[in-house]
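The values are calculated or read from the model by the stated rules, or taken from the named source; none is laboratory data. Quick caveat, the model's predicted, so the values are computed rather than measured. Cβ placement follows ideal geometry from the backbone for every residue including glycine, while neighbour counts extend to all protein chains displayed.
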Amino acid sequence: MANFFNVISDSKFGCPMTQNLINFYKGENTMVNIILCGGNGTRLWPVSRTLMPKQFVKLFNDQSLFQLTVERNNKVCESSFIISNTNQYFLAIDQLEEDKKYNFKNAKFLLEPVGRNTAPAIALACFDLDPNEIVLVTPSDHLIKDEVEYEKVLAEAERLANENNLVTFGITPEFAETGFGYIESAKYIIDNEQLTMGVQGFNVKAFHEKPDLETAIKYLEAGNYYWNSGMFCFKAGVFLEELKKYSPKIYEASKIAFENKINLEEKQMRIKMDDMLNIPDDSIDYVVMEKSKIVKVIPSNIKWSDVGSFDALAEELPNDESNNFVLTKKHIELIDVKDLIVVDTEDALLISKKGSSQKIKERVMELKKEGSPLPDIHLKAHRPWGSYEVLVDTPGYKVKRIEVKSGKRLSLQKHFHRNEHWIVVSGTATVTVGEEVKLLRPNESTYIKMGEIHRLENEGKIPVIMIEAQVGEYTGEDDIVRLEDDFARE
């Protein structure tokens, strides 16, 4: 990297972007990275589910897309501002704590009780920032493999943002893709003096929805159409001004929601449910970018993928000698078939023809309508206090393996439809049942009657592992009434 720094330091261009690159490598970073974590990744079901979406699944050398996003942008941004669903916040915290190179204490968190799309999410974050703060808005579930080119692109984006533009990143298309929206750049002759090390921002002529194949081919041939990456760069105040101009309802409702926020900790805030529901649901593309007159697009050759389907994922993972990529430890034999996607998890098996994985989202929506829990949760579920794994689930009873991390405790709660029997396997649990508080050691147990208030706490140094047997007419996860909760869950 030192050689590259010498090259740009001695460059004859002397242009603003060159200076921005020098600042990057000197560590003089001032941008705030707003990371959008709200997606569910339904096209990667059953690997991705609502309570463990694709951005947190460790698919790449035991790292998640979220971790790669934080690591990548931490090199060029001063701090992170993570926008998350309340159910996914603890997943983000756990994965940030795993990365010893990242000081996650500099990160801010804004928790949404329910998603209202990207425009409100970005607005809520920008209300908390200085109007002149430059923000880099990125999804948490994208893959970028050419980080050297990425940093050049970001340097140009910062320059354009300093000039009060709204900047978007257009991915140079490699083929006629029908699964992405497109950005059409304005055609004009580039002045050689404007060239900044091969990266240049263009005026945006129009945004286009996902095209059919014939139209996508025309876009590819035209040469001035780019895949819409969903990444943006601008001053926080400039974005809010444009939002107020083109979507005053979202602006005003978001401002009220921000003003009524609950500050849980110094750098953690939560929006109230009623305030969130009052914000119109819409995307930044539709309400601002497609209408604003100050939008620039930067063509970006950064080896980008949204990893939005199994077909896309197959391009990013190594294949075996049979040209298959494998995510499961289970041995699977397929005879006299080809061009199939086979995804096997503990509780769901998916078989699809290659090229048809975009249709998985439709099937997941059907499962939701049927009331199935499969779109939402794996057999092993992660919680702020630890995790649980369903061992047996049958009408009338359910058996779980529960692990509670050191220093954590479950909510003070009760159930209306089930009795519970707890057996400690390892560690020492502090158990509250009604008015009684007692310690349970390995091979000791307690019984909790239906409707009785109870709580489990781990005050020790090692995890508490226990077996929970639920017996009752209904054992669904929504039969929990929380009376007190350390994690402010409702």
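Numerical summary
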{"quantity": "Number of positions in the range 48-73 that are modelled with pLDDT under 85 and either touching a Phe, Trp or Tyr at 6+ places or on another chain (Cβ under 7 Å) or more than 21 Å from Leu96 (Cα to Cα) (or both)", "calculated": "0"}
{"quantity": "Filter pass, Ser357 being farther than 18 Å from Asp479 by Cα and hydroxyl-bearing (Ser, Thr, Tyr)", "calculated": "yes"}
{"quantity": "Test for Lys368: is it of a type in the set (Lys, Arg), in contact (Cβ under 8 Å) with a residue 60 or more places away in the chain and either surrounded by 15 or more Cβ atoms within 10 Å (Cβ to Cβ) or part of a helix (DSSP H, G or I) (or both)", "calculated": "no"}
{"quantity": "Positions within the range 73-96 being surrounded by 20 or more Cβ atoms within 10 Å (Cβ to Cβ) and under 24 Å from Lys235 (Cα atoms), in sequence order", "calculated": "Asn73, Asn74, Val76, Cys77, Ser80, Phe81, Ile82, Ile83, Ser84"}
{"quantity": "Any strands (runs of 3 or more DSSP E) falling wholly within the range 398-490 and containing at least 1 residues that are touching an Asp or Glu at 6+ places or on another chain (Cβ under 6 Å)", "calculated": "412-414, 419-426, 429-433, 445-448, 464-471"}
{"quantity": "Long-range neighbours under 8 Å by Cβ, at least six apart or interchain, first residue within 19 Å of Ala119 (Cα to Cα) within the range 220-243, second outside any helix (DSSP H, G or I) and among the small types (Gly, Ala, Ser)", "calculated": "Asn228/Gly170; Asn228/Gly181; Ser229/Gly170; Ser229/Ser300; Glu242/Ser292"}
{"quantity": "Filtered residue count, the range 427-460, keeping only those that are acidic (Asp, Glu) and buried (at least 16 other Cβ atoms within 10 Å of the Cβ)", "calculated": "1"}
{"quantity": "Per-region count, the range 39-66, residues part of a strand (DSSP E or B), of a type outside the set (S, T, N, Q), surrounded by 20 or more Cβ atoms within 10 Å (Cβ to Cβ) and in contact with a strand residue (DSSP E or B) (Cβ under 7 Å, 6 or more places away or on another chain)", "calculated": "1"}
{"quantity": "Unmet requirement for Leu412, which otherwise passes all of (1) without any contact (Cβ under 8 Å) to a residue 60 or more places away in the chain; (2) closer than 25 Å to Tyr89 by Cα", "calculated": "(1)"}
{"quantity": "Residue in the range 29-38 that is surrounded by the fewest Cβ atoms within 10 Å (Cβ to Cβ), counting only those that are assigned to a loop (DSSP other than H, G, I, E, B) and modelled with pLDDT of 80 or more", "calculated": "Met31"}
